1. If you scan the stretch 51-78, which residues turn out to be closer than 20 Å to G36 by Cβ and of a type in the set (K, R)?
2. Where residues in the stretch 32-84 are part of a loop (DSSP other than H, G, I, E, B) and touching a Phe, Trp or Tyr at 6+ places or on another chain (Cβ under 8 Å), which of them is farthest from I21 (Cα to Cα)?
3. Taking only pairs six or more apart or across chains, which ones have beta-carbon atoms under 6 Å, a first residue in the stretch 9-21 that is hydrophobic (A, V, I, L, M, F, W, C), and a second residue that is assigned to a loop (DSSP other than H, G, I, E, B) and open to solvent by less than 60 Å² (accessible area, probe 1.4 Å)?
4. Would you call K99 more than 30 Å from I18 (Cα to Cα), of a type in the set (K, R) and either open to solvent by 60 Å² or more (accessible area, probe 1.4 Å) or at pLDDT 70 or above (or both)?
5. Pairs please, first residue from the stretch 31-44 and at pLDDT 85 or above, second anywhere and open to solvent by 80 Å² or more (accessible area, probe 1.4 Å), Cβ atoms under 7 Å, 6+ apart in sequence or on different chains.
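The values are calculated or read from the model by the stated rules, or taken from the named source; none is laboratory data. Everything quoted here is computed from the prediction, not taken from an experiment. Using ideal geometry, Cβ is built from the backbone for each residue, glycine included, and neighbour counts are taken over all protein chains shown. SASA here: full protein model, heavy atoms, side chains in, ligands and nucleic acids out. Shrake-Rupley method; radii C 1.70, N 1.55, O 1.52, S 1.80 Å.
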Amino acid sequence: MPGSKKTERNRQLKSNRIAGIGDADGRIPVRVKDAGIMMVCIVCKSELKCTKTNTELKQHALGKHGQANYEECFPGAEAHAKALLEKVTKGGAGGGKGKEKQGMSKAEKKKKAEAGLDDLLSAGISSKPGKKKGR
């Protein structure tokens, strides 16, 4: 019986560890996730993660310090956010949120199916053949 993919992967990780490739678990650096950029508030010294939209930083600045501009609490946060956003849009890896849709959405498919069914009913043709009578 052939080995499973899990067994094959574990074998590869073990050989990586022996060869000294990758981290302590044998994972190749391409697969290791980068640590996020942590920003420190200059007012209260709390540490928050910098993201593409910086929602946590904005909420912190407004809620804790009453400042609408989070750049005063976290200098350089806007530049980090732009860099992260460029990295995500340029890379193209990950979910399909930023990509253009190819094909019809679920609602469009449903609408098309209903329209097709209406055409069949108006023409007097059923979509399934009926049972034969007389038996």
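1. Within the stretch 51-78, the subset closer than 20 Å to G36 by Cβ is 51-61, 70-71, 73-78.
Scanning the stretch 51-78 gives K52, K58.
2. The extreme case among them is I42.
3. These pairs meet every condition: L13/G26.
4. Spelling it out, K99 is indeed more than 30 Å from I18 (Cα to Cα), of a type in the set (K, R) and either open to solvent by 60 Å² or more (accessible area, probe 1.4 Å) or at pLDDT 70 or above (or both).
5. Cβ pairs passing all conditions: M38/E47; M38/K49; V40/E47; C44/K64.
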